[in-house]
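Notes for the one structure printed next.
The values are calculated or read from the model by the stated rules, or taken from the named source; none is laboratory data. Please read these numbers as outputs of a predicted model, since none were measured by experiment. Cβ coordinates were reconstructed from backbone atoms using ideal geometry, including for glycine residues, and neighbour counts include every protein chain displayed.
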Amino acid sequence: ALFAMDINHLHRVMGHTNYQALQDMVRHGRLEGVTALTGIPAFCEPCVMGKMKKQPFTSSRTVPRGPLDIISSDVGGPVTPEGVGGLRY
């Protein structure tokens, strides 16, 4: 069966593939049965969120002068699920 498919639905089903790539796939017959795309590409929040980047850390002007002048650690917890015997980290 040949059919048209909504471009936004196909975008989600194909794992948020680029809209232009979807149009190219249909044009070259790469999607079996899909002959055309309908609708207008919409704003996709998951795609925007996936492309966000963290801001870099600011440079430190602290110059260590000896051992243990600067100590760094990652702090987190408690972690779920609990470990063996109900241990929590």
Item to check | Total residues in region 22-53, condition of a type in the set (A, V, I, L, M), surrounded by 10 or more Cβ atoms within 10 Å (Cβ to Cβ) and touching a helix residue (DSSP H, G or I) at 6+ places or on another chain (Cβ under 8 Å) | outcome: 6
Checklist outcome for this item: In region 34-58, residues that are part of a loop (DSSP other than H, G, I, E, B) and modelled with pLDDT of 90 or more total 6
Checklist outcome for this item: Flagged in region 1-25 as in contact (Cβ under 8 Å) with a residue 12 or more places away in the chain and of a type in the set (V, I, T), in numbering order, are I7
Checklist entry - Does Y19 satisfy the criteria of being surrounded by 10 or more Cβ atoms within 10 Å (Cβ to Cβ) and aromatic (F, W, Y)? => result yes
Checklist entry - Between residues in region 34-51 that are farther than 10 Å from Y19 by Cβ and residues that are acidic (D, E), which pairs lie under 7 Å by C-beta distance while being six or more apart or on different chains? => result T38/D6; G39/D6
Item to check | Condition met for D24 (outside any loop (DSSP other than H, G, I, E, B) and acidic (D, E)) | outcome: yes
Checklist entry - Here are R12, R61: which of them is over 30 Å from Y89 (Cα atoms), of a type in the set (K, R) and not in a loop (DSSP other than H, G, I, E, B)? => result R12
